[in-house]
Amino acid sequence: MSTRLTNNLIELEPDKVLSEVEERLNQGEDPILIFEECKKGMELIGERYKKKEYFLAELMLSGDLFKEVMELIEPYLGEKKTEGEIKGKIILATLQGDIHDLGKNILASLLKLEGFKVYDLGVDVDPDIIVEKVKEIQPDFLGFSSLLTITFDPMKEVIDKLKEAGLRERLKILVGGGITTQLVKDYIEADFQTIDAVEGVQYCLEIIKARVEIKARGGI
Ligand code: B12
């Protein structure tokens, strides 16, 4: 997928990017499709950084621009569900050493739209804080957002500590973020991995649905 919007984002042309996003949203286009084109642009900016064609300054500019795009897109994503309809609780965090948060914030917005109560612990979070929060909140899900390889071990540490504390079993653990793969999921022993926030939300909805069905049949 390479579109004018993707290319303008890669070339860091804020005026062109924002005016096209606004125009297409006004015309009623699916905001998720517009988002996907921008996400592709961010991946390609990452490629340029890797090849040393772009530097930290460009990463920072792209981060700011993407944030502005999301501010335009968010109001078009849908109506938030009301408090009474909470489907489940989820803790989100980006681990120690990693301050990337754009993807995590998108996931948080989509989860809220679907009626989940989201406890976003933010970025650069210490593993022990996450374990404490799981004890306190007793969520249905724990989601790690990971954009740096240095977070793999801290994520594993959280899961190991949750096992030791007897908190792992009922909890479903998701891991996402551009650099994650099934291998990362297996390494840290999470339950689900994706690089697509919509898939993450779908997974949470399916788990909740299955639990409701089991309960209705008289299970635990
Ligand atoms: C923008 C950006 C930045 C911005 C971040 C701004 C911000 N507020 O987040 C800034 C400038 C701060 C930055 C800094 C750095 N960055 Co940077 N950055 C990027 C870039 C270009 C885009 C990331 C992004 O936001 N993408 C858009 C979002 C929407 O995509 P996403 O995060 O993947 O999220 C989607 C899904 O994955 C999913 N998702 C995300 N989280 C979760 C969680 C769950 C549970 C689920 C279900 C789903 C889910 O939902 C989203 C929507 O679908 C990437 C390139 C790339 N390929 O990703 C490099 C990249 C991540 N950065 C990189 C590096 C090296 C750095 C720096 C170390 C550079 C430096 N020399 O200082 C620093 C590190 C700072 C730190 N300590 O964290 C490397 C990481 C390499 C590695 N393997 O570890 C990358 C891959 C670039 C590269 N190719 O080398 N960066």
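Every read-out reported here was derived from the displayed coordinates using simple, explicitly stated rules and does not represent laboratory data. If you're wondering where the values come from, they're calculated on a predicted model, not measured in any experiment. Please note: Cβ atoms are built from the backbone with ideal geometry, for glycine as well, and neighbour counts cover all protein chains shown.
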TODO: List the number of the failed condition for Phe66; all other conditions in (1) buried (at least 17 other Cβ atoms within 10 Å of the Cβ); (2) touching an Asp or Glu at 6+ places or on another chain (Cβ under 9 Å); (3) assigned to a helix (DSSP H, G or I) hold.
DONE: (2)
Open item on the list: For region 154-194, give me each residue that is over 25 Å from Met42 (Cβ atoms), under 19 Å from the mean Cα position of the chain (by Cα) and either in contact (Cβ under 8 Å) with a residue 60 or more places away in the chain or in a helix (DSSP H, G or I) (or both).
Closed with: Lys156, Val158, Ile159, Asp186
Task: Check on Ile150, away from the ligand (no atom under 13 Å from the Cβ) and either in contact (Cβ under 8 Å) with a residue 12 or more places away in the chain or in a helix (DSSP H, G or I) (or both) - done: no
TODO: Confirm whether Glu169 is within 13 Å of the ligand (Cβ to nearest atom) and of a type in the set (D, E, K, R).
DONE: no
Task: Selected residue (only one of Val118, Val131 is more than 8 Å from the ligand (Cβ to nearest atom), in contact with a helix residue (DSSP H, G or I) (Cβ under 6 Å, 6 or more places away or on another chain) and not in a helix (DSSP H, G or I)) - done: Val118
- [ ] Collect the residues in region 16-39 that are under 15 Å from Val198 (Cα atoms), surrounded by fewer than 19 Cβ atoms within 10 Å (Cβ to Cβ) and without any contact (Cβ under 8 Å) to a residue 60 or more places away in the chain, keeping them in residue-number order.
- [x] Asp30, Leu33, Glu36
TODO: Can you tell me which residue within region 72-115, out of those that are in a loop (DSSP other than H, G, I, E, B) and of a type in the set (A, V, I, L, M), is farthest from Gly143 (Cα to Cα)?
DONE: Leu77
Task: Residues that are of a type outside the set (A, V, I, L, M) and surrounded by fewer than 19 Cβ atoms within 10 Å (Cβ to Cβ), drawn from region 173-184 - done: Gly178, Thr181, Gln182
Task: Where Glu164 falls short, out of the listed (1) touching a strand residue (DSSP E or B) at 6+ places or on another chain (Cβ under 9 Å); (2) under 18 Å from Glu132 (Cβ atoms) - done: (1)
TODO: Could you tell me which residue of region 36-51 is farthest from Ser62 (Cα to Cα), considering only residues that are touching a helix residue (DSSP H, G or I) at 6+ places or on another chain (Cβ under 6 Å) and more than 6 Å from the ligand (Cβ to nearest atom)?
DONE: Glu37
- [ ] Sort out which residues of region 103-117 are of a type in the set (A, V, I, L, M, F, W, C) and surrounded by fewer than 18 Cβ atoms within 10 Å (Cβ to Cβ), and write them in order of number.
- [x] Leu113
Task: Total residues in region 134-147, condition assigned to a helix (DSSP H, G or I) and not hydrophobic (A, V, I, L, M, F, W, C) - done: 2
